[in-house]
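To start, the structure under review is shown below, and the notes come after it.
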Amino acid sequence: MAKISVTLKKSLIGRKKAHIATVNALGLKKIGHSIEHEDTPQIRGMIKKVEYLLDVKEA
């Protein structure tokens with residue numbers, strides 16, 4: 001299965017609690033922190049919810 005690299009690009013300060021929880025569930029902690037995930041529908045849905053905070057690349 002393909003991998004995707006997700007990087008947190010914007011601050012979580014002042015965001016909705018659900019969006020903060022989604023970013024935390026993706027495993028992102030600080031601005032600039034990157035993590036790789038399997039490209040699954042569940043991960044894609046989480047990314048879609050908070051895509052304005054993230055930078056996503058195919059890995």
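To keep it simple, each residue is scored yes or no on (1) surrounded by 14 or more Cβ atoms within 10 Å (Cβ to Cβ); (2) among the basic types (K, R); (3) modelled with pLDDT of 95 or more.
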site	(1), (2), (3)
M1	no, no, no
S11	no, no, yes
R15	yes, yes, yes
I20	yes, no, yes
K30	no, yes, yes
Q42	no, no, yes
I47	yes, no, yes
V56	yes, no, yes
Pairs, first part of a loop (DSSP other than H, G, I, E, B) in region 32-59, second aliphatic (A, V, I, L, M), C-beta under 7 Å, six or more apart: G32/L8; H33/L8; D39/M1; D39/A2; D39/I4; V50/V23; A59/I4
Residues of region 1-32 satisfying the condition of being touching a Leu at 6+ places or on another chain (Cβ under 7 Å), within 16 Å of V56 (Cα to Cα) and hydrophobic (A, V, I, L, M, F, W, C): V6, L8, V23, L28, I31
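The values are calculated or read from the model by the stated rules, or taken from the named source; none is laboratory data. Predicted model, so just to flag it, every value in this text is computed and none were measured. Methodologically, a virtual Cβ is constructed for each residue, glycine included, from the backbone with ideal geometry; neighbour enumeration extends over all protein chains shown.
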